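In what follows, a single structure is set out as structure tokens and then discussed.
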Amino acid sequence: NFVTMFTNDRFFWFSLGITFRYMVMVLPPSLVLGLALALLLNQKSAGMNLFRTIFYVPAVVSGVAVSILWLSLLDPNLGAINTVLRSLGVANPPNWLNSATWAVPSVALMSLWGVGGSTILYLAGLQNIPPQLYEAAEIDGASRWQQFWRITLPLLSPTIFFMVITGLISGFQV
């Protein structure tokens with residue numbers, strides 16, 4: 001089977017190319033968006049627990065319900081996305097899920113719906129960073145940007161590594 005797959009099956013390499021294209025469309029934005037949301041949700045503000053819950057809810061909603069939601073949003077005739085595009089002056093908006101050009105980007109967009117799961121993992125990593133490190137950096141005159149690059153990112157590297165590996169695995173599963 002493996003010999004046939006690697007030598008005689010022309011669809012194997014084509015499907016592998018689509019898989020890599022999908023992973024490039026999903027993994028980097030998912031990592032960056034999850035980290036950005038986690039940094040926002042890590043702030044000490046009133047009502048932050050409510051916002052954390054709101055961002056996490058899409059990660060636990062049933063896949064069937066999410067699929068129906070996205071099918072209605074991406075409907076070529078009555079979907080909300082194409083309705084907005086038409087109101088902005090786009091004469092022929094994409095036929096999202098029925099087009100060879102737009103099908104993979106549509107599925108990639110739908111995959112970003114569950115970014116709340118990675119946000120929660122990043123948030124857990126952020127809350128494990130000792131606040132004394134930030135206090136010492138602030139006393140030494142480090143800006144927020146320097147604190148991010150020299151404290152936050154290095155101490156989040158195990159979490160980022162975990163997110164990359166699990167993202168690659170889930171990308172291959174799709």
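The values are calculated or read from the model by the stated rules, or taken from the named source; none is laboratory data. Bear in mind the structure is a predicted one, so any value in this text is a computation, not a measurement. No Cβ is skipped: glycine too gets one built from the backbone with ideal geometry, and neighbour counts run over all protein chains shown. Accessible surface areas use protein heavy atoms only, side chains included; no ligands, DNA or RNA. Shrake-Rupley method; radii C 1.70, N 1.55, O 1.52, S 1.80 Å.
Look at region 114-147 and say how many of its residues are assigned to a helix (DSSP H, G or I) and touching a residue at least 24 places away in the same chain (Cβ under 8 Å).
Total meeting the criteria: 14.
Go through 73, 126, 112, 121 for me and flag whichever is at pLDDT below 90 and closer than 27 Å to residue 170 by Cα. Give the steps one after another, and end with the answer.
On the way: 73 fails: at pLDDT below 90; 126 fails: at pLDDT below 90; 121 fails: at pLDDT below 90.
The unique qualifying residue is 112.
Can you tell me which residues in region 46-56 are open to solvent by less than 70 Å² (accessible area, probe 1.4 Å) and not basic (Lys, Arg)? Before the answer, list the steps.
Just the residues of region 46-56 that are open to solvent by less than 70 Å² (accessible area, probe 1.4 Å), to begin with: 47-48, 52.
Once the filter is applied, which keeps residues that are open to solvent by less than 70 Å² (accessible area, probe 1.4 Å) and not basic (Lys, Arg), region 46-56 yields 47, 48.
How many residues, within region 118-168, are under 18 Å from the mean Cα position of the chain (by Cα) and open to solvent by 90 Å² or more (accessible area, probe 1.4 Å)?
2
Which of the residues spanning region 89-109 are assigned to a loop (DSSP other than H, G, I, E, B), hydrophobic (A, V, I, L, M, F, W, C) and either within 28 Å of residue 56 (Cβ to Cβ) or at pLDDT 90 or above (or both)? So that I can check it myself, show each step before the final result.
Keep residues of region 89-109 that are assigned to a loop (DSSP other than H, G, I, E, B), which gives 89-95, 99-102.
Now drop any that are not hydrophobic (A, V, I, L, M, F, W, C), which leaves 90-91, 100, 102.
Passing the criteria: only 102.
Looking only at residues in region 57-83 that are in a loop (DSSP other than H, G, I, E, B) and open to solvent by 70 Å² or more (accessible area, probe 1.4 Å), which one is farthest from residue 124 (Cα to Cα)?
Only one residue tops the list, namely 77.
Residues 17, 34: which one is within 20 Å of residue 159 (Cβ to Cβ), in a helix (DSSP H, G or I) and open to solvent by less than 60 Å² (accessible area, probe 1.4 Å)?
34 is the lone residue from the list that is within 20 Å of residue 159 (Cβ to Cβ), in a helix (DSSP H, G or I) and open to solvent by less than 60 Å² (accessible area, probe 1.4 Å).
Could you count how many residues in region 40-64 are under 19 Å from the mean Cα position of the chain (by Cα) and of a type in the set (Gly, Ala, Ser)?
Final tally of qualifying residues: 3.
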